[in-house]
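Trainee: I'd like to ask some things about the structure below.
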Amino acid sequence: LQDIRNTVGNIPMEWYQDFPHIGYNLDGKKIYKPIRNKDELDVFLEKMENPDYWRTVQDKMTGADIKLTDEQVDLVHRLQRGQFGDVHFDPYEPAVDFFTHEVMIHPVTNRPADKRSFIPSLIEKEKVSKLVHAIKMGWIKPRKPKDDTPTYYDLWAHEDPNSILGRHKMHVPAPKMKLPGHEESYNPPPEYLLSEEEKLAWEQQEPAERKLNFVPQQYRCLRAVPAYSRFIHERFERCLDLYLCPRQRKMRVNVDPEDLIPKLPKPRDLQPFPTTQALVYRGHTSLVRCLSISPSGQWLVSGSDDCTVRFWEVCTARCMKTLPVGGVVKSVAWNPNPTVCLVAICVEQSVLLVNPCLGDKLLYGATDQVLESYVPPEEERVQPVQWVTATVEEHSKGIRLLIQHSKAVKQVTWHGKGDYFASVVADNSNMQVLIHQTSKRWSQNPFRKSKGLVQCVLFHPIRPYFFVATQRYVRVYNLLKQELTKKLMTNCKWVSSMAIHPGGDNIICGSYDSKLAWFDLDLSTRPYQLLRHHKKALRSVAFHKHYPLFASGSDDGTVIVCHGMVYNDLLQNPLLVPVKVLKGHAMTLDLGVLDVLFHPTQPWVFSSGADGTVRLYT
């Protein structure tokens, strides 16, 4: 029985899937689909509650839900198993022979063969002769041999002009010419006409500088306007502009300038660091070239061009002692060993070892006893320098030993243990750097040949390495193996000073071309960062022993204190943040700050300047 609710006919029901109706009845009225607005929740509930949900299907024709009967479910199951639909159909019935296998005497048909089956066909003959005639007449062309030459075609012929890959995706239309204004008029308002002076000024100007490239003129009427003399010239210039001035689209990247600045922590989060000038140590009459501090942090020594060395008490700025040395003091270095009270001073061609006799009497007494207990060896050894014991007069001043060099000494630095020290001589030979041992009064020259002008040297704080800074390179030598381990390129024109981080893996170099180079020795032989904070040459750089601070003093009269955090995690790069510019020194003879130095325990920094003062910032 046909369902008469839907008389649509045998058409695909997908045609109506987006419409509310499903077809038309005999009167041409729309047949609406039953309202099916079950959401997933309704479907789920029905699935749970309706026991016949599994045998319910939707009729595509009417959109109604139909419950399958048992026979229909059976039929579906059989078809799913690949069996026949009809239960009663037997696919394995016995076969019936239509023809017998016995040969019979009578044939099925006995018709005699046609005559046409063994005579050539006349119709075919006629067709062939027609084709031959057509080929002879040239009406039918024989097949052309295949052409093997490759065909070329225009790749861009069918290109969409608006597509990005179009031929001229960067086409920029020519800029339009400026439209004429009132001054171009044949009868301009009187204020646009030039006076005599303006005309003269216009004629004297360069053509490129003129505001107008013509002189405005007035005519009675349009008929009286002559031909424009510069017409062809102007057209020609326009053509030149169009084809000679390259027009290109500038791709502007909108970058927020704030994003380009690295995110640095705020200085107040990086405290403590020195911020204010606390004390001024006055007394020197000329520039103070060098500073050094006792390991306890109680005494400060300064050397000056007024040929004196002064010892100060740090907390009170009181000058405890003045030692005249008879020459310009180039470098001073307090022995870093807290059990020894000795200061090395470079004066002209010798290094003086001075016992300042300050502080603990047991300490400086013991130092003298150690020096006096020296027993010279039986046979005299050949040395590059002479060790001379001080005279009675010198002894009373505090001088204990003089190490006399062949040329002027410009720097002295102690090894961390306090027995060895190195001196740098202003010479160009292989005798520039010498290493001395105080306890044995023995000196040696570690280098066979000169590698350039040595500026300064340093001992590594923990490992047996020795740093030698020439004008452009810093060479790192292994003292045990006696070989060069690294050569650092400073990227500076002239290195002035060098300091090493107490951890020993980072060094900083100041240079006369106002750059400060930070090297991470594990990372590279080139600077990890070049800081250009100073305006003029850097004279001195220093690290703090315990706090993550380093400072640089420059000829611009300032000391810049930076936060330099070195992390224990080897994968994390050091964090360098400038935190404070300390001013105070007056510029003298174009020189500013000549030396900077940190207090061994407090976050304080000392600076010595060309104005003859030493200043303490806390």
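The values are calculated or read from the model by the stated rules, or taken from the named source; none is laboratory data. Since we're looking at a predicted model, the values are computed, not measured. Counting neighbours? That spans all protein chains shown, and the Cβs are built from the backbone with ideal geometry, glycine included. The area values use the complete protein model at the heavy-atom level, side chains included, leaving out ligands, DNA and RNA. Shrake-Rupley method; radii C 1.70, N 1.55, O 1.52, S 1.80 Å.
Trainee: Could you check, for segment 426-436, whether at least one of its residues is in contact with a Leu (Cβ under 9 Å, 6 or more places away or on another chain) and open to solvent by 70 Å² or more (accessible area, probe 1.4 Å)?
Mentor: Yes, segment 426-436 contains a residue that is in contact with a Leu (Cβ under 9 Å, 6 or more places away or on another chain) and open to solvent by 70 Å² or more (accessible area, probe 1.4 Å).
Trainee: Working only within segment 349-392, note down all residues that are among the aliphatic types (A, V, I, L, M), part of a loop (DSSP other than H, G, I, E, B) and touching a strand residue (DSSP E or B) at 6+ places or on another chain (Cβ under 6 Å).
Mentor: Leu358, Val385, Ala390
Trainee: Any chance segment 378-392 includes a residue that's of a type in the set (Lys, Arg), surrounded by 17 or more Cβ atoms within 10 Å (Cβ to Cβ) and either touching a residue at least 60 places away in the same chain (Cβ under 8 Å) or under 19 Å from Leu597 (Cα atoms) (or both)?
Mentor: Checking segment 378-392: not a single residue is of a type in the set (Lys, Arg), surrounded by 17 or more Cβ atoms within 10 Å (Cβ to Cβ) and either touching a residue at least 60 places away in the same chain (Cβ under 8 Å) or under 19 Å from Leu597 (Cα atoms) (or both).
Trainee: Check every one of the strands (runs of 3 or more DSSP E) wholly within segment 521-618 and list those with 3 or more residues that are closer than 15 Å to Ile508 by Cα.
Mentor: In segment 521-618, 529-531, 538-543, 549-554, 558-565, 575-583, 593-598 are the strands (runs of 3 or more DSSP E) which contain 3 or more residues that are closer than 15 Å to Ile508 by Cα.
Trainee: Pairs under 6 Å by beta carbon, first residue part of a loop (DSSP other than H, G, I, E, B) in segment 215-231, partner open to solvent by 70 Å² or more (accessible area, probe 1.4 Å) and among the hydroxyl-bearing types (Ser, Thr, Tyr), six or more apart or different chains?
Mentor: Close Cβ pairs (under 6 Å, with a partner that is open to solvent by 70 Å² or more (accessible area, probe 1.4 Å) and among the hydroxyl-bearing types (Ser, Thr, Tyr)) amount to Pro216/Tyr192; Tyr219/Tyr186; Val225/Tyr186.
Trainee: Would you pick out the residues in segment 393-426 that are within 42 Å of the chain's Cα centre (by Cα) and in a loop (DSSP other than H, G, I, E, B)? Reasoning before the result, please.
Mentor: So in segment 393-426, the residues within 42 Å of the chain's Cα centre (by Cα) come out as 410-417, 421-426.
Selection gives His415, Gly416, Lys417, Ala426.
Trainee: Right, here's the next one. If Pro578 satisfies every condition in (1) under 27 Å from Ile261 (Cβ atoms); (2) open to solvent by 50 Å² or more (accessible area, probe 1.4 Å); (3) of a type outside the set (Asp, Glu); (4) modelled with pLDDT of 85 or more but one, which is the exception?
Mentor: It fails just one condition, (4).
Trainee: Filter segment 427-465 down to the residues that are assigned to a loop (DSSP other than H, G, I, E, B) and of a type in the set (A, V, I, L, M, F, W, C) and list them by number.
Mentor: First, the residues of segment 427-465 that are assigned to a loop (DSSP other than H, G, I, E, B): 427-432, 438-441, 445-455, 460-464.
Those that are assigned to a loop (DSSP other than H, G, I, E, B) and of a type in the set (A, V, I, L, M, F, W, C): Met431, Phe447, Leu453, Val454, Ile462.
Trainee: Name every residue in segment 474-487 that is farther than 18 Å from Asn445 by Cα and surrounded by 19 or more Cβ atoms within 10 Å (Cβ to Cβ), in order of residue number.
Mentor: Val474, the sole residue that qualifies.
Trainee: Which numbered condition in (1) within 23 Å of His546 (Cβ to Cβ); (2) open to solvent by 40 Å² or more (accessible area, probe 1.4 Å); (3) modelled with pLDDT under 85; (4) not β-branched (Val, Ile, Thr) is the only one that Tyr465 fails?
Mentor: The number of the failed condition is (3).
Trainee: Looking at Glu198, Glu206, can you tell me which residue is open to solvent by 100 Å² or more (accessible area, probe 1.4 Å) and among the charged types (D, E, K, R)?
Mentor: So the residue among Glu198, Glu206 that is open to solvent by 100 Å² or more (accessible area, probe 1.4 Å) and among the charged types (D, E, K, R) is Glu206.
Trainee: Within segment 484-520, how many residues are more than 22 Å from Asp569 (Cα to Cα) and not in a strand (DSSP E or B)?
Mentor: Adding up the residues that qualify gives 9.
Trainee: Which pairs do you get when a residue that is more than 24 Å from Ile22 (Cβ to Cβ), found in segment 42-62, comes within reach of a residue that is surrounded by 11 or more Cβ atoms within 10 Å (Cβ to Cβ), reach meaning Cβ atoms under 8 angstrom, with the pair 6+ apart or on two chains?
Mentor: From segment 42-62, the pairs are Lys47/Tyr53; Asn50/Thr56; Asp52/Lys67.
Trainee: Report whether or not Leu212 is surrounded by 12 or more Cβ atoms within 10 Å (Cβ to Cβ), outside the structural domain of Ser552 (by the TED database) and in contact with an Asp or Glu (Cβ under 9 Å, 6 or more places away or on another chain).
Mentor: Yes.
Trainee: For segment 329-381, how many residues meet the condition of being basic (Lys, Arg) and at pLDDT below 75?
Mentor: 1
Trainee: Can you pull out every residue in segment 398-424 that is charged (D, E, K, R) and either buried (at least 17 other Cβ atoms within 10 Å of the Cβ) or at positive phi (or both)?
Mentor: Arg400, Lys410
Trainee: Please tell me if Ser552 is assigned by the TED database to the domain that holds Val579, small (Gly, Ala, Ser) and under 17 Å from Phe273 (Cβ atoms).
Mentor: Yes; evaluated as a whole, the condition is true for this residue.
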